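No lab work stands behind these numbers, since they all come straight from the coordinates. These figures come from a predicted structure and were not determined experimentally. Using ideal geometry, Cβ is built from the backbone for each residue, glycine included, and neighbour counts are taken over all protein chains shown.
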Amino acid sequence: MNDLANDTMTASSAGGSQQIDFNTPALRRKRRIRAFKDRMTRWYVSIGGLAVLGAITLIFFYLAHVVMPVFQGASIEAGEPVQPAWIKEEGRPLMLSVEEQNTVGMRLNDAGALQFFDVKTGDAMNRIQLPIPEGAQIASTGEGEPGSRQAVLGLSNGQAVVFQVDYRITYPNDVKTITPQVSYPYGEAPIEVDPQGRPLEHVAVSVGSSELTLVGSNNRELSAIRVTSEQNLITGETTLEEERLKLPQISDTIKAIVVDPRQTWLYVVNGRASADVFDLRRGELNGRYPLLDGKAEVTSVHPLLGGISLMIGSSTGNISQWFMVRDPDGAAKLTHIRGFQLGNSAITQIIPEQRRKGFIALNQNGLLGIFHSTAERTLLTEQVMNGPTMGALSPRSDVLLVESNNALRTIAIDNPHPEISMSSLWGKVWYENYGEPQYVWQSTSANTDFEPKLSLAPLTFGTLKAAFYAMILAAPLAICAAIYTAYFMAPAMRRKVKPVIELMEALPTVILGFFAGLFLAPYLEGHLPGVFSLLLLTPIGVLLFAFIWSRLPERVRLAVPDGWEAALLVPVILVIGYGSLYMSGYLENWFFGGNMRAFLTDAGIDFDQRNALVVGIAMGFAVIPNIFSIAEDAVFSVPKSLTFGSLALGATPWQTLTRVVILTASPGIFSALMIGMGRAVGETMIVLMATGNTPIMDANIFEGMRTLAANVAVEMPESEVGSTHYRILFLAALVLLSFTFIMNTLAEIIRTRLRKKYASL
């Protein structure tokens, strides 16, 4: 055939030979067009594949870009110290504060005067003298709940002055003006706390809407008074009623007193490092608790936002968090929750944030630490001043005002996401008012004392739980149906069955979720015995029918064309289904006392109407077409030569199926399962509408769940852009993407190994 090199060929026939020319202009043009199309297709496929990979990579990096800021620590920028002339004349500072706009600061001196000043320049503004009786001096100070702007002065004559600092904003001549104001919620007249007139060495206050609790101490004795205000709705007059609380004597020298905002617990830190807790409602001692080990002493005590937690600073730089926890018997006990460390010097001040569960600590060497309690996170430690300092944190926690050696300094703080850490995202966290550490997702609440609980563990668990129950239903049905359809079913019947099953994939998942939530969930609740009977009796009935069919006379079995036997199972399944659901009520009366749901509840099994069983059935219905179609194509694509060769060597059809066909098709079957699993993991609308969307970690099939995808769909529209909540939702999406990527990568590795292993068949 050397003539092919010259694009010619000689053809022999009965009438002679004829030379064919393949180098005509038309054929050359056709070959060029075909080569051009091949090149274009190759480039198109390559560019398209690279574009898909690039898009996925960009999505991954975009999600990571949004998420990364939540894991960054805090940063500060200290301003230059200022020494206003008035500060030396005002005496020793007892209290500092900054208003929300970071414009006006307040300083309380030991003479009971409030000096307001410009935070940036230190220039003096208003000066207000508190109503301290003549001859009395300030013996102690106390603050209300963080953010309340309320404080109390304990006087040397046993009285106390409760006051509140507010800031009024006006715009005269379109110029923003902030005017400090001082009010007295329970009157300007000092309140007598100690009837004997002894100095209040320590004082604590808790101000409610209509009730005030004041506690003072002198040496080891406590004095407490509860003041209730009642307003006459007709005259508008307010009357005050006082009630003295009887408290036992403390066995050691008192160091600090704290009253919780609910006016239930009184914490008295005394001695070297112990605390006595009193129940103010009952007027009795709850218990005495050691706070520190070794020779360390308590040097600072302050409650966190909400007043539930106590932060205890020690002489060794340790800061520990404590709050009341109820034991299994219902008794409340002061419990150590977690600890932090700031250098090795004594903690001089703990300053809680007013809107989060974070706090700032200062030690006697001027070292600053920024912490978050619930996340158990140390965000920053840095030297800010030399020697002892007094600080005040702004309500937005973005400015810290410190005074040291008659100098004022403002420190700008950048700390946008302190509540996030790896332990708070994936570990058990001991939240306030909880009896033990738990996994909790609760991003919003109507209570101002609430702290976001952003654990991704229950969402990830819910995602895997929903996918597991869906695959339990879908995988066996889809794989077995694919094998039977491709290997045993008659071609004519296969041409009808396969398109019908693949058509199921076109059904929108929102319709499936709507159907599952509104019809399937209540129906399953009312027919639980019948549903479980159906799941149990269907395989038994099919096997029983197959056994009976194999025992029928041969002429009866041969009357059904080969490959059409599956059609006989349709009435069998319909009869089993109808019978199971019909007998549901009778079974419920016979075995479950007429109410299977109540029976489960009494047995300690929680039951929600929209649960994992509903999701498994609905999502399994959605996943079956994907798995079936890919697996059926894989089985059907096994070369017929392998099948015929196996049968020719004497193997039975079942042996050929299990030892040749399935092994050869195993890479495709495995890919079908992984694609179905990925579809189940990423499903949104079905789990959104067919579950209670409760983020709990319970494998119970009768309990609901919340998945990562459903959580993003529910909460993303209401999250503030750039907030911690917003970024955690992006992190949930990143976890979902990473999970799918890892699962698909492992699936591809396993599929490749299976293909190499069985390629020789």
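Using the scaling law 2.2 N^0.38 Å as the reference, what is the normalised Cα Rg of the range 281-323? Display every interim value, and only then the final one.
Details: Rg = 12.1 Å, N = 43, 2.2 N^0.38 = 9.2 Å.
Cα-based Rg divided by the globular estimate yields 1.31.
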Cα-based Rg and Dmax for the range 113-246, where Dmax is the largest Cα-Cα distance (Å): 16.9, 56
Listed peptides 726-733, 47-54 by packing density, highest first (mean Cβ within 10 Å): 726-733, 47-54
Extension gain (nm, one decimal) between residue 720 and residue 500, 0.36 nm per residue minus Cα-Cα: 74.7 nm
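FRET efficiency for residue 444 and residue 39, Cβ-Cβ distance as r, R0 = 60 Å, nearest 0.05? Please list the in-between numbers first.
Numbers: r = 57 Å, r/R0 = 0.95.
About 0.60, to the nearest 0.05.
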Spin-label pair residue 756/residue 196, simplified geometry with 7 Å Cα→Cβ offset, distance in nm: 8.9
Distance cut-off 48 Å, percentage of C-alpha pairs in the chain lying past it: 45
Links that overshoot a 20 Å alpha carbon limit, given the list 88/120; 255/295; 295/428; 120/357: 295/428; 120/357
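Which length gain, in nm to one decimal place, applies between residue 243 and residue 88 when the Cα-Cα distance is subtracted from 0.36 nm times their residue separation? Each step should come with its number before you reach the end.
Working: separation 155, 0.36 × 155 = 55.80 nm, distance 4.16 nm.
Result for the pair: 51.6 nm of gain on full extension.
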Fully extended contour minus Cα-Cα distance, from residue 396 to residue 740, at 0.36 nm per residue: 119.9 nm
Simple spin-label estimate for residue 644 and residue 169 in nanometres, 7 Å along Cα-Cβ: 8.7
Debye log10 I(q)/I(0) at q = 0.11 Å⁻¹ for the range 293-417, Cα point scatterers: -0.37
Gap separating the Cα centres of the range 104-149 and the range 404-459, nearest whole Å: 31
Given charges at Cβ of Lys, Arg, Asp, Glu: the chain dipole, positive-most of 480, 424, 156: 480
Computed E for residue 519/residue 586 - FRET, C-beta separation, R0 22 angstrom, nearest 0.05: 0.45
Protection proxy ranking, peptides 189-200, 537-548, average beta carbon neighbours within 10 Å, highest first: 189-200, 537-548
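Could you work out the per residue convex hull volume over the alpha carbons of the range 526-611, in cubic angstrom?
Working: hull volume 10.0 nm³, N = 86.
Considering the Cα atoms of the range 526-611, their hull volume per residue is 117 Å³.
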Relative contact order (%) - the chain, alpha-carbon pairs under 8 angstrom, separation at least six: 9
Pairwise label distance in nanometres, residue 543 with residue 284, each label 7 Å out on the Cα-Cβ vector: 6.4
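How large is Rg over Rh for the range 145-204, taking Rg from the Cα atoms and Rh as the Kirkwood inverse mean of 1/r across Cα pairs?
Numbers: Rg = 15.9 Å, Rh = 13.4 Å.
Result for the range 145-204 is an Rg/Rh of 1.19.
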FRET efficiency estimate (nearest 0.05) - Cβ-Cβ, residue 535 to residue 382, R0 45 angstrom: 0.10
Percent of Cα-Cα distances greater than 18 Å, calculated over the range 480-568: 65
Whole-Å distance, taken between Cα centres, linking the range 297-344 and the range 694-712: 33
Highest-first arrangement of 482-491, 641-650, 26-35, 420-429, where packing means the average Cβ count within 10 Å: 482-491, 420-429, 641-650, 26-35
Given charges at beta-carbon only (K, R positive; D, E negative), |dipole| of the chain in Debye: 4740
Built amide H within the under 5 Å cut-off of residue 150, gap 5+: 144
Overall form of the range 689-761 per C-alpha gyration tensor (a/c, 1.5; a/b vs b/c): oblate
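Can you give me the convex hull volume of the Cα atoms of the range 82-129, divided per residue and expressed in Å³?
Looking at the range 82-129, the number lands at 66 Å³ per residue.
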The range 562-624: radius of gyration and largest Cα-Cα distance (Dmax), Å: 16.6, 52
